[in-house]
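The values are calculated or read from the model by the stated rules, or taken from the named source; none is laboratory data. All values reported here derive from a predicted model rather than from experimental measurement. For neighbour counting, all protein chains shown are included, and Cβ atoms are generated from backbone atoms with ideal geometry for every residue, glycine included. Side chains included, ligands, DNA and RNA excluded: accessible areas come from the protein's heavy atoms. Shrake-Rupley method; radii C 1.70, N 1.55, O 1.52, S 1.80 Å.
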Amino acid sequence: MAKIRKAVVPVAGLGTRMLPGAKVVPKELLNVVDRPILSYIVEEGRAAGIEHFVFVTGRNKSAIEDYFDHQVELEEQLRAKKKDSLLAELLKDLPEAGSMSFVRQMQPKGLGHAVWCARDIIGNEPFAVMLPDMIMDADVPALKQAVSAHEATNGSNIIVVEEMAQSQLHQYGVVALSKQDGRCNPMTGMVEKPQPGTAPSNLIVSGRYILNPEIFDLLSDQAAGAGGEIQLTDAMARLMASQSFHALQYEGVTYDCGDKIGLLRANVALALKHPQLAATAREAVTSLL
Ligand code: G1P
């Protein structure tokens, strides 16, 4: 079976829910505890065996490319001042040369369109999609759990899902299952942003996917769906007519960093688990409550 080597990371979104913070700093580079959100995403991808990241980017997002390149002057300063551990932290996120690509979406036409923009770089192999709003904290990285499910199901498309309160379902993609037995189940359908009361389950599409490359054919003629955008969910629902899809309830905790309180939760929760900062973080949080 083809190895999952490449991941598409859509980062063209404007981050309107994170303004004014995301006005000049891309929302994907906002900090969670001591490093940007994208540092967590790339770390998770690497731990799942991803060798090449394709960032689908847009105007005002060039800081993302700079983050994943050397900052020679800064590195020299840290070296001269013998700030070795800080320097190591900085270098840890850097990719091997040539193992990241950046393509421009050019127009905000939706997640399906963003993924389609990566088609030439992905080529004809199964690949991962990682939505950077979601930090997934798990003992076995969430994407690695998805890759294992892809292998265990003989190359099925995998959608990582999680339970969500009824009142929130209309904000997400929601999957339909033929049966629910254990964590990985065959899917029968999916719908993007269902009208309240019409969702086919309480399991939302939560931000990690393993997709076969045939999705690109469907995305190339996908009409606009929910919100007037070209939806990845709609193309996946069509691919389901000819390929199998499984929904995987991964083991771990998701932090949605795409809104202000979600980012705050991520900061508090991950600070309380941070090897060096946990004790002082606990004092700081407790003193506020
Ligand atoms: C996107 C997907 C949706 C998914 C969600 C997870 O929606 O289209 O299926 O449930 O991400 O955050 P968006 O958040 O871009 O509206």
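General observations
- Cα-based shape type of the range 1-88, given that a ≥ b ≥ c are square roots of the gyration tensor eigenvalues and the cut on a/c is 1.5: oblate
- Across the chain, the fraction of Cα-Cα pairs farther apart than 28 Å, rounded to a whole number, is 37%.
- Heavy-atom accessible surface of the range 34-125: percent carbon and sulfur, 1.4 Å: 49 percent
- When each of K27/K109; K179/K260; K3/K23 is checked by Cα-Cα distance, pairs over 28 Å: K179/K260; K3/K23
- Panel note: the C-alpha atoms of the range 205-279, placed on their principal axes, show extents of 52, 27, 16 Å (largest first).
- Using a probe of 1.4 Å, the accessible surface attributed to C117 totals some 30 Å² when neighbouring protein chains are kept in position.
- Accessible surface for the range 42-164, divided over its residues, is 51 Å² per residue with a 1.4 Å probe.
- For the range 1-132, DSSP calls about 15 percent of its internal beta bridges antiparallel.
- For the range 50-170, the fraction of alpha-carbon pairs in successive 5 Å shells from zero, as %: 2, 8, 14, 16, 18, 16, 12, 7, 5, 2, 1, 0
- Charge tally for K27 (other residues, Cβ to Cβ under 15 Å; Lys, Arg +1; Asp, Glu -1): +2.
- Here the range 181-289 has 55 percent of its accessible surface on carbon and sulfur atoms, given a 1.4 Å probe and all protein chains in place.
- Count Lys and Arg as plus one, Asp and Glu as minus one, and take only other residues whose Cβ is under 12 Å from that of R5; the net charge is then +1.
- The chain: relative contact order as a whole-number percent, Cα under 8 Å and 6+ apart: 22 percent
- Residue order by solvent-accessible surface for K260, K82 is K82, K260, largest first, with ligands and nucleic acids left out and a 1.4 Å probe.
- Binned Cα-Cα distance frequencies in the range 154-220 - 10 Å width, integer %: 20, 50, 26, 3
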